[in-house]
Amino acid sequence: MKVCIPTAGVGGIDDFVGQHFGRVPTYTLVDLDTNKVEVIPNTSEHRGGVGVPPEFISKTGTHVMLCSGLGPKAVQMFEEFGIDVFVGAEGTVRDAIEAWQQGRLTEATDENACKEHRDH
């Protein structure tokens with residue numbers, strides 16, 4: 001199973017969870033079956049590229065997204081790609097994975113999505 005975490009840099013498993021999901025510089029992918037860690041750049045329109053994060057993350061084989069929070073549109077897009085999203089991640093990538101494995105993160109829903117991303 002592969003999990004993806006928005007990250008602040010290229011530190012891999014010890015990097016910190018990025019606080020602004022769409023604008024982080026990198027996403028860290030961890031394959032829990034092989035312990036392989038891969039850091040990919042955020043090439044989305046938020047960083048001057050094309051598309052939105054759920055689109056290119058869906059092509060990585062990710063099953064689960066762990067993040068501090070994200071907007072309702074992103075939650076919906078991940079659902080459409082069949083990727084489960086959990087919010088409340090903090091600390092390092094390792095901390096976020098442990099919190100998720102221990103059931104301490106909350107599954108993302110429209111109700112708990114970041115309010116600043118709502119259309120008024």
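Please treat every number below as a calculation from the coordinates, not as lab data. The structure presented is a predicted model; accordingly, all values stated were derived computationally and were not measured. Positions of Cβ are backbone-derived with ideal geometry, glycine not excepted, and every protein chain shown enters the neighbour counts.
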Only one of (1) over 19 Å from GLU98 (Cβ atoms); (2) surrounded by fewer than 17 Cβ atoms within 10 Å (Cβ to Cβ) fails for GLY11. Which number is that?
(1)
Evaluation of THR34 against (1) in contact (Cβ under 8 Å) with a residue 12 or more places away in the chain; (2) under 17 Å from GLY12 (Cα atoms) (one fails), failing number:
(1)
How many residues are over 15 Å from ASP31 (Cα atoms) and surrounded by 15 or more Cβ atoms within 10 Å (Cβ to Cβ) when one looks only at the range 85-94?
6
Can you tell me which of (1) buried (at least 20 other Cβ atoms within 10 Å of the Cβ); (2) over 25 Å from GLU111 (Cα atoms); (3) touching a Phe, Trp or Tyr at 6+ places or on another chain (Cβ under 7 Å) is the one ILE40 doesn't meet?
(1)
